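Enquirer: One structure, pasted below without further comment.
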Amino acid sequence: MLANARIRHARIESFHHRRGCMSSPLRARGASLVEVLIAVLVFGVGIIGLAGLLIISFRSNQVGYLRTQAEFIAMGMADRMRANPLGVWSGAYDSASYPLTVTQDCTKTAACTPADLAKRDQAQWSSQLTTFLPNSSASIACTKGVTADATQLQMRPPYAGNCVMKITWIERTAADSATSTVKAQTYAWNFQP
């Protein structure tokens, strides 16, 4: 048995001598500790990179959210304008300084005139602009086509004019905080109510 142990010990020494490393078991443990530290460092850098990607993803989602809100707000106002053609014909929706602070005096007992309905629509749209878009401003400008006579205006007139709606808001770009800029975005829509 002692002979077998000596042979094994001789083989191990021969192996280490051929490899050129006469390291002790303590040095072997230290080498694996360095490997673990490097692995932890690489893992930490990966986690930091993942956190950066998440931040950029959140900013991109916010940009998409704001652009979707601008689209919904614009379509809502266009639908309101289509429901009130007399207000559109009279120019009651035209303004270059939205959001406005307007009030309307319609009650349940007194019906709204087309101008009052336009004021109500402007107040609701102005509220939506300030609620859903940061630092927003907007304008609506309608040009009239063929002027309809008074009888045709009482019915649903074929509005031959055109309206241009512009909504502007502030958003941050989806870059890192050191290079991201705050820039104004504009949604412009040319439509026929």
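Enquirer: How many residues are of a type in the set (Val, Ile, Thr) and within 21 Å of ASN162 (Cα to Cα) when one looks only at region 62-112? Step through it out loud before you land on a result.
Expert: Applying the first criterion (of a type in the set (Val, Ile, Thr)) to region 62-112 yields 63, 68, 73, 88, 101-103, 107, 109.
Narrowing further to those that are within 21 Å of ASN162 (Cα to Cα): 73, 88.
So the count comes out to 2.
Enquirer: Only one residue in SER126, SER90, SER97 is more than 33 Å from the chain's Cα centre (by Cα) and closer than 23 Å to TRP189 by Cα. Which one?
Expert: SER90
So that you can scan it fast, the table gives a plain yes or no per residue for (1) more than 32 Å from the chain's Cα centre (by Cα); (2) farther than 18 Å from TRP169 by Cβ:
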{"residue": "ALA39", "(1), (2)": "yes, yes"}
{"residue": "PHE43", "(1), (2)": "no, yes"}
{"residue": "GLU71", "(1), (2)": "no, no"}
{"residue": "MET75", "(1), (2)": "no, no"}
{"residue": "ASP79", "(1), (2)": "no, yes"}
{"residue": "ALA83", "(1), (2)": "no, yes"}
{"residue": "CYS112", "(1), (2)": "yes, yes"}
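Enquirer: Here is a further query. Residues being modelled with pLDDT of 90 or more and of a type in the set (A, V, I, L, M): count how many of those fall in region 40-56.
Expert: The initial filter retains those residues of region 40-56 that are modelled with pLDDT of 90 or more, namely 40-51.
If we keep only those that are of a type in the set (A, V, I, L, M) too, we end up with 40-42, 45, 47-48, 50-51.
Result for region 40-56: 8.
Enquirer: Taking ILE7 as the residue in question, decide whether it is on the phi < 0 side of the Ramachandran plot and modelled with pLDDT under 85.
Expert: Values: on the phi < 0 side of the Ramachandran plot: yes; modelled with pLDDT under 85: yes.
So ILE7 fits the description; yes.
Enquirer: Same structure, new question: Against the conditions (1) over 22 Å from GLN192 (Cα atoms); (2) among the aliphatic types (A, V, I, L, M); (3) surrounded by 12 or more Cβ atoms within 10 Å (Cβ to Cβ), where does LEU86 fall short? Just the number, please.
Expert: (1) is the only condition that LEU86 fails.
The values are calculated or read from the model by the stated rules, or taken from the named source; none is laboratory data. This structure is a prediction, so every number in the text was calculated from the model and none was measured. Backbone-built Cβ (ideal geometry, glycine too); neighbour counts: all protein chains shown.
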